[in-house]
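Laboratory data are not the source of any read-out in this text; all were calculated from the coordinates shown. In this text, all values refer to a predicted model and were calculated from it rather than measured experimentally. Cβ sites come from the backbone with ideal geometry, for glycine too, and all protein chains shown count toward neighbours.
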Amino acid sequence: MRAFFKAAAVSVFALAAALPAGAESLADALVAAYKTSKVLDQNEALLRAADEDVAGSVAALRPVISFVARSQYNDPQVSTAGNLQRSYSLVAQWTLLDFGRRKLGVEIAKETVLATREALRGLESRVLLQAVDAYVNVRLQSEIVALRQSNVRLIGEELKAAKDRFDVGEVTRTDVALAEARLASAQSGLVAAQGDLTTARERYKAMTGAYPGRLSTLPKLPATARTLDAARTQALASHPQIAQAQRQVTVADLGLQIARASRMPTLTAEAGLSRTANADDTGKSLSLTLNQPLYTGGAIASGERAALANKEAAQAALAQVGIDVAENVGNAWSAVDVASASITAGSQQVAAAQAAFDGVREEADLGARTTLDVLDAEQELLDARAQKLTAEAQRYVGVYNLLSAMGLLSVEHLGLDVPVYDPAAYYNAVKSAPISAQGKALDRIMGRTGN
């Protein structure tokens, strides 16, 4: 019986070694998560929309040409020009001088694009981390189910042995009842573990787009940092949330410059060509308009104060993001340390629980221990093994969480074999606000993004 229990435990750890070559690897799961994530699809589309804001801001620097066709009916009793008049106009308007407000708008749009790129990078890290957690959790719950199944089988053997000993008068009916109760509890635990596995499989499907098949062994953990200080330094230098907040500070500063420039005048040129069909008249016009706000009821001053407040808020947000990122790195580092210590303690606990179970089982065979003693020792061994498996899973996911907290969890850093979304491709195609010359290039880019 002892040999059976040991063999069952060993089989849990050796399960992946016997998997076929086609087993799903962690890299497969990460690639699937990256390809199928609707969150990434959504934010890639939002990034393209931000790219178009740059194009719109650039277009504002150019003249606007409009064609106007007009038909006018005149009351013949009061008009001598005819009942119906038709006119056609071609008008061009161009803002010649606004003291940099529109150019600042272009810079704001560009900085917003860069901030949106950083947000997308942060979402990519989150998607990959969730995929790692889903993969590891499926493996963990599968191993827990295997442990529970072994536990049910072993307690079933204990119950059978208790009944045989009861038949010959070695134990009482109470011993049999204890074994029956423990078997029912073990079966309940197995059902709960199977439910947890089902939940883990659903989570895996949500993250990767398909239910897990046979999962391969976990690969070697990626490198992080040698010290906590080094991890924090890396995070403060490369974390996407910090880079995004820095861009938002720049946007707020540019907004303040626009608010201050709104006190300045605007010079607009307009040229027109018109023709009235009935009268066969052709007209040409050219005008310059200078618009200088003199009194706005305090709106300009209010807008400037609001822009200043927004800048101060963005600066405070950047400082807080730095604090949060540093805290998250510390928490992630501590979690890995705790899990590592739990694994070490768990190994010692499993060894001690195994020795205790072996000893209690031998003493029970000699009549020095009761059935309850054997069942208790067995439960402690089961709990110890489950806790160690959980600690190993927590440490594995914890390392990836630390990598994410450092701002390094990305497709490129992990070296995943998957076509990566290029945020610059669409931007470069639209940044100059093309009208039609680059239409085919845009079609190719949209084809690559699946739209």
note = When the charge dipole of the stretch 96-171 is computed with +1 at the Cβ of Lys and Arg and -1 at the Cβ of Asp and Glu, the Cα pointing farthest to the positive end, of Asn137, Ile108, Val152, is that of Ile108
inquiry  = So, R0 is 25 Å and r is the distance between the beta-carbons of Asp164 and Ala355; what FRET efficiency does that work out to, to 0.05?
reply    = 0.45
message = Give me the one-decimal nm value for the distance between modelled label points at Glu363 and Gln72, 7 Å along each residue's Cα-to-Cβ direction.
response = 11.1
query = For the stretch 196-332, with equal point scatterers placed on the C-alpha atoms only and solvent neglected, what are the log10 I(q)/I(0) values from the Debye formula at q = 0.10, 0.14, 0.17, 0.18 1/Å, to two decimals?
reply = -0.72, -0.92, -1.04, -1.07
Links that overshoot a 22 Å alpha carbon limit, given the list Lys35/Lys431; Lys163/Lys388; Lys311/Lys431; Lys103/Lys311 = Lys35/Lys431; Lys163/Lys388; Lys311/Lys431
remark   = Sorting Leu190, Leu61, Gln348 by the position of each Cα along the dipole of the chain (Lys, Arg +1; Asp, Glu -1; all at Cβ), the one nearest the positive end of that ordering is Leu61
request  = Would you mind ranking Glu412, Glu378, Glu202 by Cβ crowding within 10 Å, fewest neighbours first?
outcome  = Glu412, Glu202, Glu378
query = Looking at the chain from every direction and averaging, what is the projected area of its Cα convex hull in nm²?
reply = 36.1
note = Most packed first (mean Cβ within 10 Å per residue), the peptides 143-155, 348-360, 324-336 order as 143-155, 324-336, 348-360
message = Could you work out [θ]222 nm for the chain from helices alone, using -39500 (n - 2.57) per DSSP H run of at least four and dividing by all its residues? Round to the nearest 500 deg cm²/dmol.
response = -24000 deg cm²/dmol
ask   = For the stretch 295-376, what is the charge dipole size about the Cα centre, in debye to the nearest 20, if Lys and Arg each add +1 at the Cβ and Asp and Glu each add -1 at the Cβ?
value = 600
